[in-house]
Amino acid sequence: MARKMLIDGELSKSGEEEAHFDFDLFVIGAGSGGVRAARFSAQSGAKVGICELPFHPISSEVIGGIGGTCVIRGCVPKKILVYGASFKAELEDARNFGWELNERIDFNWKKLLHKKTEEIVRLNGIYKRLLSNAGVKMYEGEGKTVGPNEVEVTQLDGTKICYSAKHILIATGSRAQRPAIPGQELAITSDEALSLEELPRRVVILGGGYIAVEFASIWCGMGATVDLFFRKELPLRGFDDEMRAVVARNLEARGINLHPRTTLTELVKTENGIKVVTDHGEELMADAVLFATGRIPNTKRLNLKAVGVELDNVGAVKVDDYSRTNVPSIWAIGDVTNRMNLTPVALMEGTCFAKTVFGGQPCKADYSNIPCAVFCIPPLSVVGLSEEQAIEQAKGDISIFTSTFNPMKNSISGRQEKTIMKLVVDAETDKVIGASMSGPDAPEIMQGIAIALKCGATKAQFDSTVGIHPSAAEEFVTMRSVSRRIAAGKPKTNL
């Protein structure tokens with residue numbers, strides 16, 4: 001049966017005239033986005049092939065494993081370690097709830113590492129079965145483009161096989177990058193940090209983004225001494241400034257040493273560990289140094305420029321609103337496009353691609369009101385505009401509602417750690433255009449708030465919603481007084 005493709009208002013039929021292609025779609029990269037696009041395209045009747053490297057030692061050049069960064073060396077294993085690190089404080093807080101913890105409690109890093117690996121293997125198997133059940137042909141090897149309709153797969157034994165495809169989808173994600181400083185080879189990235197054989201007792205982290213603060217929380221929670229270095233005054237550049245300050249205070253309160261406006265200039269191997277030198281002339285010793293200085297699109301080995309695909313100055317694949325490159329037969333989704341680098345966004349882009357190309361439903365991804373979380377301890381979660389973004393973009397006044405309180409649990413445990421919530425409201429329309437929270441369960445709560453913002457909820461509708469008592473979440477529907485009102489055009493702060 002002939003299938004149809006609809007895009008940019010043009011309808012074309014595919015059938016016997018395209019029988020010379022090995023596949024209707026060939027996907028390079030089997031991460032979250034690539035697997036989603038492959039499955040949904042196959043379910044629409046397309047003949048689909050996909051290639052991905054198998055598990056293998058980490059290198060700076062290639063990253064393998066069906067399931068991609070999120071499943072193999074990203075969101076999933078990191079969240080498992082966050083859970084593990086959270087128990088230390090939970091056990092401390094339990095004493096004031098009547099739990100007598102008299103015996104010594106030890107932490108077994110290798111046991112957690114083993115359980116983490118078991119879960120990754122399980123999820124890797126699920127992803128493989130999802131592809132197989134959808135009828136997608138899987139190839140283990142490294143793929144690259146060799147023409148507008150040709151993919152070359154280098155198999156594990158070095159054999160190279162070419163496949164032709166009506167459409168090629170690039171979904172190779174991104175990889176960690178290292179700053180070029182003397183001794184940089186002594187440092188690790190987040191890839192290796194998730195699989196260290198021994199738990200480091202002294203850790204230095206360079207970076208102020210979400211990966212940096214998450215690993216700072218993980219290692220601190222497991223008993224390590226952690227020093228966090230970053231270039232700005234506060235970590236988490238791009239997030240709401242007020243929330244950044246809260247996260248910084250919480251990190252310090254948990255025992256992490258913050259070094260703002262400081263970077264590293266040299267690493268030196270010594271008998272006592274790694275000597276770390278800063279741009280202020282300071283020196284300290286570490287068992288592990290983590291570079292969490294960003295990720296770059298994984299396009300280096302794809303041969304894209306040779307086939308005419310345009311890349312930007314950081315190597316990201318340039319695409320239009322439908323994820324199509326300047327070469328009509330080649331498409332790209334996920335982190336490799338450097339649009340909004342989140343796993344659920346890659347899933348959304350993969351879904352839209354399949355609908356557009358094989359479902360007869362031209363579909364653009366909607367990047368508005370996408371929630372996200374930073375899994376530091378306690379976590380931060382946001383959706384919509386930050387206060388600074390709202391001030392910059394708004395045509396009228398902005399109303400800010402905040403609530404800072406001691407969670408009920410902390411009232412008993414004695415932990416001095418405030419939860420803060422914020423709503424950003426367009427004063428003229430009363431529409432809630434941003435929300436953020438730093439505190440326990442913030443990501444779980446923010447997912448529901450994101451639905452409200454997606455539906456265009458107003459502050460009056462928040463106020464008319466009955467809260468769940470006693471809960472932290474009810475604060476989002478009980479913030480009645482304006483904390484501050486900001487006139488449009490006020491200069492944006494830049495911490």
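Every number in this text was worked out from the coordinates using simple rules, so none of it is lab data. Just so we're clear, the structure is a prediction, and the values are computed from it rather than from any experiment. Every residue, glycine as well, gets a Cβ built from its backbone with ideal geometry; the counts of neighbours run over all protein chains shown.
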Legend entry - Cut-off 15 Å between beta-carbons: net charge of the residues surrounding Thr343, Lys and Arg +1, Asp and Glu -1: +3
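Would you kindly state how much longer the chain becomes between Ile412 and Glu103 on full extension, computed as 0.36 nm times their sequence separation minus their alpha carbon distance, in nm to one decimal?
On the way: separation 309, 0.36 × 309 = 111.24 nm, distance 2.23 nm.
Full extension from Ile412 to Glu103 adds 109.0 nm.
Charges at C-beta only: +1 for Lys and Arg, -1 for Asp and Glu. How large is the resulting dipole of the chain about its Cα centre, in Debye rounded to 20? Intermediate results must be reported in sequence, preceding the final value.
Details: 58 positive and 60 negative charges, 82 e Å.
Its charge dipole is roughly 400 debye.
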Legend entry - Coordinate range along principal axes, alpha carbons of the chain, Å, largest first: 72, 64, 44
Legend entry - Under the Karplus curve 6.51 cos²θ - 1.76 cosθ + 1.60, θ = phi - 60°, whole-Hz ³J(HN,Hα) for the stretch 338-353, x wherever Gly or Pro sits: 6, 8, 10, 8, 9, 4, x, 6, 4, 4, 4, 5, x, 5, 4, 4
Inset, instruction - Quick one: which residues, 5 or more positions from His167 or on another chain, have an amide H under 5 Å from its amide H? H modelled 1.01 Å from N in the peptide plane, none for Pro or chain starts. - result: Leu25, Phe26
Inset, instruction - Please work through the chain and write down the cysteines that have no neighbouring cysteine Cβ at a distance under 4.7 Å. - result: Cys51, Cys162, Cys220, Cys372, Cys376, Cys455
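Could you rank the peptides 83-93, 21-31, 262-272 by their average count of other C-beta atoms within 10 Å per residue, with the highest value first? Each step should come with its number before you reach the end.
Working: 83-93: 15.9, 21-31: 26.2, 262-272: 14.1.
Highest-to-lowest ranking by the protection proxy: 21-31, 83-93, 262-272.
Where Lys and Arg each count +1 and Asp and Glu each count -1, what net charge lies around Ile468 among other residues with Cβ under 13 Å from its Cβ? Kindly include the intermediate steps, with their values, before the conclusion.
Details: positive: none; negative: Asp441, Glu444, Glu474, Glu475.
Surrounding charge for Ile468 is -4.
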Inset, instruction - In nm, give the distance between the simple-model label positions of Lys395 and Leu156, each being 7 Å from the Cα along the Cα-to-Cβ direction. - result: 6.0 nm
Inset, instruction - Within 10 Å of each residue's Cβ, count the other Cβ atoms and sort Ile181, Ile420 from fewest upward. - result: Ile181, Ile420
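Give, rounded to the nearest 20 debye, the magnitude of the charge dipole that the stretch 347-432 has about its Cα centre when Lys and Arg contribute +1 at Cβ and Asp and Glu contribute -1 at Cβ.
On the way: 8 positive and 10 negative charges, 86 e Å.
Computed charge dipole of the stretch 347-432: roughly 420 debye.
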Legend entry - Distance between modelled label sites at Glu283 and Asp312, nm, 7 Å Cα→Cβ extension: 4.2 nm
Legend entry - Amide N of the stretch 414-453 lying under 20 Å from the label point, which is placed 7 angstrom from the Cα of Gln461 along Cα→Cβ: 422-437, 445-453
Inset, instruction - Give, rounded to the nearest 20 debye, the magnitude of the charge dipole that the stretch 184-293 has about its Cα centre when Lys and Arg contribute +1 at Cβ and Asp and Glu contribute -1 at Cβ. - result: 280 debye
Legend entry - Hits among aspartates and glutamates - C-alpha to C-alpha of Lys364 under 14 Å, sequence gap 8 or more where chains match: Asp8, Asp320, Asp321, Glu349
Legend entry - Positive-pole candidate from Gly209, Thr419, Tyr139, dipole of the chain, charges at beta carbon: Tyr139
Legend entry - Proximal aspartates and glutamates relative to Lys115, as straight alpha-carbon distance under 19 Å, when same-chain residues fewer than 8 apart are discounted: Asp106, Asp191, Glu192, Glu197, Glu198
Inset, instruction - Evaluate E = 1/(1 + (r/R0)^6) for Gln184 and Asn96, where r is the Cβ-Cβ distance and R0 equals 35 Å; express this FRET efficiency to the nearest 0.05. - result: 0.20
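What's the FRET efficiency of Arg485 with Ser195 using the Cβ-Cβ distance as r and R₀ = 51 Å, to the nearest 0.05? Provide the component values of the computation, followed by the final result.
Working: r = 50 Å, r/R0 = 0.98.
After rounding to 0.05, the efficiency reads 0.55.
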Legend entry - Cβ-based exposure ranking for Met408, Met243, Met222, Met437, in which fewest neighbours within 10 Å come first: Met408, Met222, Met243, Met437
Inset, instruction - Work from the charge dipole of the stretch 184-293 (Cβ charges, +1 for Lys and Arg, -1 for Asp and Glu, about the Cα centre) and give the residue of Ser190, Ala248, Leu290 farthest towards its positive end. - result: Ala248
Legend entry - Calculated [θ] (222 nm, deg cm²/dmol) that DSSP helices of n ≥ 4 give over the chain, each run adding -39,500 (n - 2.57): -8500 deg cm²/dmol
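Using the per-residue mean of other Cβ atoms lying within 10 Å as a proxy for protection, in what order, highest first, do the peptides 131-139, 38-46 fall?
Details: 131-139: 16.7, 38-46: 22.4.
Answer by packing, highest mean first, reads 38-46, 131-139.
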Legend entry - Ile181 long-range amide H proximity, modeled H, under 5 Å: none
Inset, instruction - Within 10 Å of each residue's Cβ, count the other Cβ atoms and sort Ser411, Ser32, Ser174 from fewest upward. - result: Ser411, Ser174, Ser32
Legend entry - Given Lys79/Lys454; Lys144/Lys269; Lys88/Lys431, the pairs whose alpha carbons are separated by over 29 Å: Lys144/Lys269; Lys88/Lys431
